[in-house]
Amino acid sequence: MSNIRVNIDDALGTVSERAVEAMATEVRNSVRTLVEGTGEGNDFLGWIHLPEEIDNSLIDDINATAARLRSECEVVVVVGIGGSYLGAKAVIEAMTNPFEETKPRVVFAGHNISEDYLAQLQQYLEGKQFGVIVISKSGTTTEPAIAFRLLKAQLEAAAGKEAAARRIVAITDAKRGALRTLADNEGYTTYVIPDNVGGRFSVLTPVGLLPIAVAGLDIKALVEGARARQQAMLAGSDKSAEVYATTRNALYRSGKKIEILVNFNPRLHYFGEWWKQLYGESEGKDHKGIYPASVDFSTDLHSMGQWIQEGERTIFETVISVANVDHELRIPTDAENLDGLNFLAGKRVDEVNKMAELGTRLAHVDGGVPNIQVTIDRIDEANLGALIYFFEAACGISGYILGVNPFNQPGVEAYKRNMFALLAKPGYEAETAAIRERIG
């Protein structure tokens, strides 16, 4: 099993071990609420047993579709927003060499409404054989719907409707919605977004698995890593998610309102982006919730390091440590030693990085920033699958400790209502009149 180790020793200086232990009954009740499905949002708990419910036939089918897209396309555009793209991007960015030209190249659209971004994407696709994976439960979410309308028209103009239909895959609702209707009418290959899995928990469904497979990665290992973590947690042999959820809530109650997810490997940058949505959307409601932020160290030590070291003491850090790296690179000796680095000659770069990590954690703890350390063995599909499930499980537990429904997101509708009113969408006439009066 991919091992995840959680160390809270450097958080206990701010929160006493007694305070953490005092939450034991509350935590057990939150775990029971999650596992037994008795709390708010229990109609979105399909992710809990998802890893063991994914059978080899689905993985084989996804891999076959991915192989077809890989053979026919130079570029595959994944169209989605939020949970419909962040999980896939997190895994792909963690597992691919940023300096290699891959075939196909997997790019993303539908996660913004930037005209420049979309125009530049279309220019990039001109003359290339490309395919589209469009991900949307309804097919009417504004950002991906605009992007897909543009890309569909471009692909049909370049390849013809029949060939375009073969290169478009829709991941959507099983029975209803605009995208389901279009996919059935056009004959697209389709996969289903389960009704009981919310977007931010959907990376282990076809939403994440197909784009990850198109990138040439091992989705079976990803699922198996998550499955091992799921089975250990549900059997009670793995308490790491409980420990993390408990400690972060104890820190929150002590006045630590901001959690910074830290990595010392740039491959994990987009994992931080996925984590921010998972926790921000799950916990930020009822005027409660820890604010999730992320940094890439040691890069951001030269920009955010000063604030973290000596700024307002409302923060704590969760550091993802990676025990083993994939390459070995030693620092050479230089005869002139003008940079003064000969004392490092012969050492591996990773040793220097790990000392930077340890030195940073010690400095931040001394500066009043509690630290939680989450260690994985290495960055590979199995460990990423385990880490995904670890954070998902901890998020559900943490939300119930906090006293909110971790599985809804009512607040995200506010900007949409205003946007539709400003654009005079049919059906929003009253809202349009009201907002125009408001802004003059």
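Residue count for segment 346-368, restricted to those that are touching a Lys or Arg at 6+ places or on another chain (Cβ under 8 Å) and either assigned to a loop (DSSP other than H, G, I, E, B) or aromatic (F, W, Y) (or both): 3. Checking the structure you have, find out if any residue of segment 330-340 is in a loop (DSSP other than H, G, I, E, B) and at pLDDT below 95. Among the residues of segment 330-340, not one is in a loop (DSSP other than H, G, I, E, B) and at pLDDT below 95, which makes the answer no.
Considered as a group, the residues in segment 295-307 that are open to solvent by less than 80 Å² (accessible area, probe 1.4 Å) and not acidic (D, E) include one that is farthest from C395 (Cα to Cα), and that residue is S303. Are any of the residues in segment 401-408 out of contact with any Ser or Thr (no Cβ under 8 Å at 6 or more places or on another chain) and within 24 Å of S2 (Cβ to Cβ)? For segment 401-408, residues out of contact with any Ser or Thr (no Cβ under 8 Å at 6 or more places or on another chain) and within 24 Å of S2 (Cβ to Cβ): absent. Selection of segment 34-63 for residues being within 24 Å of the chain's Cα centre (by Cα) and hydroxyl-bearing (S, T, Y) yields an empty set. Restricted to segment 369-440, the set of helices (runs of 4 or more DSSP H) holding at least 3 residues that are modelled with pLDDT of 90 or more and over 23 Å from I92 (Cβ atoms) comprises 381-402. Taking the criterion of being open to solvent by 20 Å² or more (accessible area, probe 1.4 Å) and not in a helix (DSSP H, G or I), the residues of segment 130-156 that qualify are K137, S138, G139, T140, T141. Pairing residues of segment 113-129 that are in a loop (DSSP other than H, G, I, E, B) with residues that are among the charged types (D, E, K, R), at Cβ distances under 6 Å and at least 6 apart in sequence or on separate chains, gives I113/E143; K128/E74; Q129/E74. In segment 23-42, the residues that are touching a residue at least 60 places away in the same chain (Cβ under 8 Å) and under 12 Å from G399 (Cβ atoms) never reach a residue that is of a type in the set (K, R) and buried (at least 18 other Cβ atoms within 10 Å of the Cβ) with C-beta atoms less than 9 angstrom apart, at least six apart or across chains. Counting only helices (runs of 4 or more DSSP H) that fall entirely inside segment 169-274 and contain at least 1 residues that are open to solvent by 30 Å² or more (accessible area, probe 1.4 Å) and among the hydroxyl-bearing types (S, T, Y), the qualifying elements are 178-186, 240-253. Within segment 328-344, none of the residues are touching a Phe, Trp or Tyr at 6+ places or on another chain (Cβ under 9 Å) and either surrounded by 19 or more Cβ atoms within 10 Å (Cβ to Cβ) or among the aromatic types (F, W, Y) (or both). Might you let me know whether segment 109-131 holds any residue that is over 18 Å from the mean Cα position of the chain (by Cα) and within 26 Å of L222 (Cβ to Cβ)? Yes: one or more hits.
Candidates are the residues of segment 52-99 that are within 20 Å of Y117 (Cβ to Cβ) and of a type in the set (S, T, Y); the one that is surrounded by the most Cβ atoms within 10 Å (Cβ to Cβ) is S84.
Of all residues in segment 406-440 being closer than 29 Å to R200 by Cβ and of a type in the set (D, E, K, R), which is farthest from the chain's Cα centre (by Cα)? For segment 406-440, the residue satisfying everything is E431. Among the residues of segment 157-168, those identified as over 17 Å from R68 (Cβ atoms) and in a helix (DSSP H, G or I) are A157, A158, K161. Only residues that are open to solvent by 10 Å² or more (accessible area, probe 1.4 Å) and either among the acidic types (D, E) or not in a loop (DSSP other than H, G, I, E, B) (or both): list them for segment 275-294, please. If the condition is that a residue be open to solvent by 10 Å² or more (accessible area, probe 1.4 Å) and either among the acidic types (D, E) or not in a loop (DSSP other than H, G, I, E, B) (or both), then K276, Q277, G280, E281, D286, Y291, P292, A293, S294 are the ones that fit. Look at R348 and say whether it is out of contact with any Leu (no Cβ under 6 Å at 6 or more places or on another chain), open to solvent by 10 Å² or more (accessible area, probe 1.4 Å), touching a residue at least 24 places away in the same chain (Cβ under 8 Å) and of a type outside the set (A, V, I, L, M). In short, no.
Screening segment 295-329 for residues that are in a loop (DSSP other than H, G, I, E, B) and closer than 18 Å to N371 by Cβ and picking the one that is nearest to the chain's Cα centre (by Cα) gives F297. Mind listing whichever residues of segment 48-81 are more than 18 Å from I171 (Cα to Cα) and in a helix (DSSP H, G or I)? P51, E52, E53, N56, S71, E72, listed by residue number. Residue pairs whose Cβ atoms lie under 7 Å apart, separated by 6 or more positions or on different chains, with the first residue in segment 1-15 and over 21 Å from V223 (Cα atoms) and touching a residue at least 24 places away in the same chain (Cβ under 8 Å) and the second open to solvent by 40 Å² or more (accessible area, probe 1.4 Å) and in a loop (DSSP other than H, G, I, E, B), are T14/S254; V15/S254.
The values are calculated or read from the model by the stated rules, or taken from the named source; none is laboratory data. Keep in mind that what you see is a predicted model, and the values were worked out from it rather than measured. Note that each Cβ is placed from the backbone with ideal geometry, even for glycine, and that neighbours are counted across all protein chains shown. The accessibility values were calculated without ligands, DNA or RNA, using every heavy atom of the protein model including side chains. Shrake-Rupley method; radii C 1.70, N 1.55, O 1.52, S 1.80 Å.
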